[in-house]
1. Can you pull out every residue in the range B:76-119 that is open to solvent by 60 Å² or more (accessible area, probe 1.4 Å), assigned to a loop (DSSP other than H, G, I, E, B) and at pLDDT below 95?
2. So which residues in the range A:33-58 are of a type in the set (G, A, S) and either exposed (fewer than 15 other Cβ atoms within 10 Å of the Cβ) or at pLDDT below 95 (or both), if there are any at all?
3. Can we say A:F121 is under 21 Å from A:Q69 (Cβ atoms) and free of Cβ contacts under 8 Å to residues at least 24 places away in the same chain?
4. Let me spell it out: the conditions are (1) in a helix (DSSP H, G or I); (2) modelled with pLDDT under 95, and A:K30 meets all of them except one. Which number is the exception?
5. For the range B:99-131, give me each residue that is more than 7 Å from chain A (Cβ to nearest Cβ) and either farther than 14 Å from A:H87 by Cβ or within 16 Å of the chain's Cα centre (by Cα) (or both).
6. Quick check: is even one residue across the range B:42-49 assigned to a helix (DSSP H, G or I), closer than 26 Å to B:V90 by Cα and touching a Leu at 6+ places or on another chain (Cβ under 9 Å)?
7. Of the conditions (1) in contact with a helix residue (DSSP H, G or I) (Cβ under 8 Å, 6 or more places away or on another chain); (2) open to solvent by less than 80 Å² (accessible area, probe 1.4 Å); (3) closer than 30 Å to A:V90 by Cβ, A:I20 fails just one. Which one is it?
8. Identify, please: which residue in the range B:50-71 is over 26 Å from B:F89 (Cβ atoms) and near DNA strand C (Cβ under 10 Å from one of its atoms) and is, among those, nearest to the other protein chains (Cβ to nearest Cβ)?
2 protein chains.
Amino acid sequence: MTDTIDLLRQSGIQPTPQRIAVAEFILGSKTHPSADEVFVMVRQTCPTVSRATVYNTLNLLVEKGLIRQQVLREGTIIFDSHVAAHHHFVDEETGEIHDVPWDAVQVSGAEKLIGFEVHEFQVVMRGRLRAK
Amino acid sequence: MTDTIDLLRQSGIQPTPQRIAVAEFILGSKTHPSADEVFVMVRQTCPTVSRATVYNTLNLLVEKGLIRQQVLREGTIIFDSHVAAHHHFVDEETGEIHDVPWDAVQVSGAEKLIGFEVHEFQVVMRGRLRAK
DNA sequence: TATAATTTAAGACTAAGTCTAAAATCAGGC
DNA sequence: GCCTGATTTTAGACTTAGTCTTAAATTATA
């Protein structure tokens with residue numbers, strides 16, 4: 001909790017109970033929740049937080065670089081606490097998003113495209129989970 | 001026009017004036033329009049087509065494999081007449097989507113991920129257009 | 001304590017996508 | 001051509017994700 005407060009402060013974000021609750025949840029999450037999924041979860045620790053505040057807070061965390069937003073799931077933006085470059089796997093059946101380590105896939109040529117100044121890239125893979 | 005009718009029939013799609021208009025537009029498009037952008041454009045050739053019919057038709061074309069849908073732009077699904085594997089470049093400033101030829105980028109390892117059965121993949125690049 | 005600035009809450013609003021029910025159209029048989 | 005059943009279209013209603021608005025609450029500062 002104190003770590004989260006310090007982190008918010010260091011990022012120029014005024015810590016409030018609502019913001020702390022949202023940050024604790026999303027920064028501790030290994031999944032890729034939508035804003036409304038965050039809202040549902042955060043209401044458990046902060047029952048009076050409003051939906052608009054959750055959206056506002058998530059967008060602020062993105063703006064300050066603490067989390068990333070991704071366009072990977074149909075119908076909604078998802079949020080990702082893993083800010084370092086990595087790839088994604090999208091489960092076609094469930095829509096669930098999985099992180100793929102940056103080094104698991106090798107990409108060359110992406111930053112040398114003619115006509116484009118590439119700032120970042122990722123490989124987006126689609127398929128299904130393998131039975132274990 | 002006759003080509004489009006034949007193509008629809010071969011795909012098991014009953015050709016109607018509305019469907020022909022939508023198919024002609026999207027199959028001839030080099031861009032990545034949203035459903036509502038298609039709606040606006042198709043209304044020029046088929047002024048009485050309804051918005052629901054445009055959505056229905058695009059989804060049917062996707063289902064039959066004539067076009068692809070992509071989750072690349074915030075806030076909306078885009079449609080892509082280029083069904084063969086290729087990559088995409090997303091212009092950070094405008095949100096515009098550009099095709100990148102499959103061979104322009106080399107990817108290895110994507111289909112050998114532990115735990116995942118990868119059916120398809122693409123590299124999604126973000127940045128800005130280079131001044132020409 | 002007072003004041004200004006910031007944040008929150010909750011409802012309203014917008015836009016993308018889908019649903020619904022009736023009307024229109026199409027396909028096939030006679 | 002007519003009839004009937006199936007399919008498609010229409011247009012408005014509806015749902016949901018994301019944003020806006022305004023007043024209240026909270027925080028920061030003097």
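The values are calculated or read from the model by the stated rules, or taken from the named source; none is laboratory data. As the structure is a prediction and not an experimental result, all values here were calculated from the model. Positions of Cβ are backbone-derived with ideal geometry, glycine not excepted, and every protein chain shown enters the neighbour counts. What goes into the accessible areas is simple: the full protein's heavy atoms, side chains included, and nothing from ligands, DNA or RNA. Shrake-Rupley method; radii C 1.70, N 1.55, O 1.52, S 1.80 Å.
1. B:E92, B:E93, B:T94, B:E96, B:I114
2. Step one: of the range A:33-58, the residues of a type in the set (G, A, S) are A:34-35, A:50, A:52.
Passing the criteria: A:S50, A:A52.
3. Values: under 21 Å from A:Q69 (Cβ atoms): yes; free of Cβ contacts under 8 Å to residues at least 24 places away in the same chain: yes.
The answer is yes for A:F121.
4. The number of the failed condition is (1).
5. Going through the range B:99-131, the residues more than 7 Å from chain A (Cβ to nearest Cβ) turn out to be B:99, B:101-103, B:111-112, B:114, B:131.
Scanning the range B:99-131 gives B:D99, B:P101, B:W102, B:D103, B:A131.
6. From the range B:42-49, those assigned to a helix (DSSP H, G or I) are B:42; that's our starting set.
This time we only want the ones that are closer than 26 Å to B:V90 by Cα, so: B:42.
Filter once more, so that each one left must be touching a Leu at 6+ places or on another chain (Cβ under 9 Å): none.
Within the range B:42-49, not a single residue is assigned to a helix (DSSP H, G or I), closer than 26 Å to B:V90 by Cα and touching a Leu at 6+ places or on another chain (Cβ under 9 Å).
7. The one condition A:I20 does not meet is (3).
8. At the first step, the residues of the range B:50-71 found to be over 26 Å from B:F89 (Cβ atoms) are B:50-57, B:60, B:63-64.
Right, trim to near DNA strand C (Cβ under 10 Å from one of its atoms) and you get B:50-56.
On the way: B:S50: 22, B:R51: 18, B:A52: 18, B:T53: 21, B:V54: 18, B:Y55: 14, B:N56: 17 Å.
Taking the candidates together, the pick is B:Y55.
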